[in-house]
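A short write-up of the structure that comes next.
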Amino acid sequence: MFHATTILACKGENKAVIGGDGQVTFADTVLKSNATKIRKLYNGKVIAGFAGSTADAFNLFDMFEGILEQKKGDLLKSVVEFSKAWRKDKYMRQLEAMMIVLNTKHIFILSGNGDVVEPEDGKIAAIGSGGNFALSAARALDRHADLDEEDLVRESLLIASELCIYTSDKIKIYTLNKEEEGS
């Protein structure tokens, strides 16, 4: 596992939420704590987050958004096509990077190995150095607390920031409501 960031996403019935911390590290040094590693894509109808090199993120986000445009916003078709392109590209295959992409219908984890993984519960996904901490917190909060998706993501990322030295408490969150998506 590479040391990156922490991205957590939650898909509810009427809302999709993604959050990420902003920490950028180089070895054991924090270079920046407020980078944005989440993004709205396809006219705000898809939200995505990235764990790995920030420079690589811009290329991958642009490439994924181009495929979303080609597929007219169909997230399922786009992730399959993106995965094929990522896997076939000799340079991109070497990236130690992962993405989460979601809308109010689907949530996927994407990797440079060509993996397209839909979370087992179809609801919560996490990547990055603190991903397992955030995922564990989110599952527990989902079962035992009455939180909406935004609060669940925020609280889970804050818990991860207390445990993972590569995760800061400077959290950014994007929300997509079903009405805004045009579903």
Over region 137-177, the set of residues surrounded by 15 or more Cβ atoms within 10 Å (Cβ to Cβ) and more than 16 Å from K11 (Cα to Cα) is L158, I159, A160, S161, C164, Y166, T167, S168, K170, I171, K172
Among (1) surrounded by 13 or more Cβ atoms within 10 Å (Cβ to Cβ); (2) at pLDDT 85 or above; (3) over 10 Å from I171 (Cα atoms), E13 falls short only on (1)
Residues of region 46-61 being within 15 Å of the chain's Cα centre (by Cα) and at pLDDT below 95, in sequence order, are F50, A51, G52, S53, T54, D56, A57, F58, L60, F61
For F61, indicate whether it is part of a helix (DSSP H, G or I), under 17 Å from I7 (Cβ atoms) and aromatic (F, W, Y).
yes
Those helices (runs of 4 or more DSSP H) completely within region 106-183 that have 1 or more residues that are under 13 Å from the mean Cα position of the chain (by Cα), farther than 29 Å from D89 by Cβ and β-branched (V, I, T) are 149-163
Taking first residues from region 37-60 that are within 16 Å of K105 (Cβ to Cβ) and second residues anywhere that are charged (D, E, K, R), the pairs with Cβ under 6 Å that are 6 or more apart or on different chains are L41/E65; K45/E181; I47/K40; A48/R39
On the given criteria, is E81 among the acidic types (D, E) and surrounded by 15 or more Cβ atoms within 10 Å (Cβ to Cβ)?
yes
Any hit, region 91-112, residues being out of contact with any Ser or Thr (no Cβ under 9 Å at 6 or more places or on another chain), of a type in the set (A, V, I, L, M), over 26 Å from N14 (Cα atoms) and surrounded by 15 or more Cβ atoms within 10 Å (Cβ to Cβ) = yes
Scanning region 62-115 residue by residue, those touching a residue at least 12 places away in the same chain (Cβ under 8 Å) and of a type in the set (D, E, K, R) turn out to be E65, E69, E81, K84, R87, R93, E96, K105, D115
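The values are calculated or read from the model by the stated rules, or taken from the named source; none is laboratory data. Only a predicted model underlies this, so the values are computations on that prediction, with no experimental measurement involved. Reconstructed Cβ throughout: ideal geometry from the backbone, glycine too, with neighbour counts over all protein chains shown.
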